[in-house]
Structures are given as C-alpha cells and as structure tokens.
Amino acid sequence: MSRIGKKPVSVPNGVTASVDGQTVSVKGPKGELAFVVNDEVLVKMEDDGVVVTPVDESKDARSKWGMSRTMIQNIMQGVSQGFERKLEINGVGYRAAMQGKNLQLSLGYSHDVVYQTPEGIAIACPKPTEIVVTGIDKQRVGQVAAEIREFRSPEPYKGKGVKYAEERIVRKEGKKK
C-alpha cells in the first residue's frame, strides 16, 4: 500500500481544482497547470480534496498511485506558492548577470555563455555569484537549473564551477611532491 497515495491532496485557499476524466486542472494566483493521470489510477474530487486510488492491485497500478498523487500535489503547490532553485558560482572571474531576458555567464571560457530564459521561468541574479530560478512547474525549474549547472559543473579539486546552493562538493586531495 502506498502511504503517500492514501492521503487526499488538499486544495489551498485561493486555488480552484477540477477533475475531468483523467485530467486534473488547477488554477491559482500564480497561473494554471494541468496534469493527465495514467489510466492505471482513478482520480476524483471530494470534500477534503483530490483523492487518488489505483484501478486494481497490480504492481503497475500501485507503482503509479503514489507518483500521481505527488504530481497533483506539486501542481497545487506550484500555482499557489511556486518553486525556486538557487545556484552558486565559485571561481576567480566566474560571474553571472542578466542581459535583458537572457542570462550571461562568464565561466572561464574564451567566450561568455548566453542562456535564453524559457517561457514560464524567471531567472534573477541578486549577486554576481548567485542565480535564482523560479517558476510554477517544478520539473521545468529543476531542468533549467540543471542546464545552467551543466555549463561548468563543479570540479572536485578546487570546487570551481556552478553548483546548487544546498549541494556539497566532495573535495579531493591534489597530487603530492
């Protein structure tokens, strides 16, 4: 039994949710999102929120039960609060700046890296060594943060590169004389 799947997804204040067949549509102050649930799972709207149940007791249905509930929870949180991912830049001369809607990164290459901000995502640089990615879709926010980090991943000897704010780089010892 899925412990996560058993709990109903409560609808926050200021958010309207509707279930139409296998599609869950959510509208809130930050925007609107929809999620199409797999056919192995049943979704219905009740008084205490959106309830997700498996069609039968097959392994496939039970494995998609908790995931579907979590996806619905994520779209509820996205339209009410939103998601954000923070990145830090370490290294001499490494910095980031916003150039209109594009993010300009100086990461030690012979040229600056220019990253175009996708639709529905906001990127900010409060400091030259800090990047904040925000949006309502958790998957897209994480994907954009991963793409920015990929331009110069942190290396293990000096820790130079772009890393997540909560990430801890395991450092290696340099070569001995």
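Filtering the range 18-48 to residues that are without any contact (Cβ under 8 Å) to a residue 40 or more places away in the chain and β-branched (Val, Ile, Thr) leaves Val19, Thr23, Val36, Val37, Val41, Val43.
Here is a list: Pro118, Pro126. Which entry is within 15 Å of the chain's Cα centre (by Cα) and over 18 Å from Gln77 (Cβ atoms)?
Pro118
Of all residues in the range 83-99, how many are assigned to a strand (DSSP E or B) and among the β-branched types (Val, Ile, Thr)? Of the residues in that region, 1 qualify. The single condition from (1) of a type outside the set (Asp, Glu); (2) in contact with a strand residue (DSSP E or B) (Cβ under 7 Å, 6 or more places away or on another chain); (3) modelled with pLDDT of 95 or more that Gly120 fails is (3). Taken over the range 63-84, the criterion of being of a type in the set (Lys, Arg) and either touching a Lys or Arg at 6+ places or on another chain (Cβ under 9 Å) or not assigned by TED's automatic domain parsing to the domain that holds Gly28 (or both) is satisfied by Arg69 alone. Among the residues of the range 138-149, not a single one is under 19 Å from the mean Cα position of the chain (by Cα), more than 30 Å from Lys7 (Cα to Cα), outside the structural domain of Val43 (by TED's automatic domain parsing) and assigned to a strand (DSSP E or B).
Test Val37 against the stated conditions and say whether it is buried (at least 17 other Cβ atoms within 10 Å of the Cβ), in contact with a helix residue (DSSP H, G or I) (Cβ under 6 Å, 6 or more places away or on another chain) and over 20 Å from Ser58 (Cα atoms). Walk me through how you get there before you give the answer.
Numbers: buried (at least 17 other Cβ atoms within 10 Å of the Cβ): yes; in contact with a helix residue (DSSP H, G or I) (Cβ under 6 Å, 6 or more places away or on another chain): yes; over 20 Å from Ser58 (Cα atoms): no.
When the stated conditions are applied, Val37 does not pass them.
Scanning the range 27-42 for residues that are out of contact with any Lys or Arg (no Cβ under 7 Å at 6 or more places or on another chain), farther than 15 Å from Met76 by Cα and part of a strand (DSSP E or B) turns up just one, Leu42.
Looking at the range 1-24, which of its residues are surrounded by 15 or more Cβ atoms within 10 Å (Cβ to Cβ) and either assigned to a loop (DSSP other than H, G, I, E, B) or small (Gly, Ala, Ser) (or both)? Reasoning before the result, please.
If we filter the range 1-24 for residues that are surrounded by 15 or more Cβ atoms within 10 Å (Cβ to Cβ), which is where we start, we get 2, 5, 7-9, 11-12, 15, 17, 19, 24.
Listed by number, the residues that qualify are Ser2, Gly5, Lys7, Pro8, Val11, Pro12, Val15, Ala17.
Name the pairs whose Cβ atoms lie under 6 Å apart, with the first residue in the range 49-78 and in a strand (DSSP E or B), the second among the aromatic types (Phe, Trp, Tyr), and 6 or more positions between them or separate chains? As it stands, the answer is Pro54/Trp65, since those pairs meet every condition given. Checking each residue in the range 113-131 for being touching a Leu at 6+ places or on another chain (Cβ under 9 Å) and either loosely packed, with under 13 Cβ neighbours inside 10 Å or part of a strand (DSSP E or B) (or both) picks out Val113, Val114, Tyr115, Gln116, Ile123, Glu130, Ile131.
Quick one: which of Ile148, Ile89 is at pLDDT 95 or above, in contact with a Pro (Cβ under 9 Å, 6 or more places away or on another chain) and crowded, with 17+ Cβ neighbours inside 10 Å?
Ile89
The values are calculated or read from the model by the stated rules, or taken from the named source; none is laboratory data. Since we're looking at a predicted model, the values are computed, not measured. Glycine also receives a Cβ, built like all others from the backbone with ideal geometry; neighbour counts cover every protein chain displayed.
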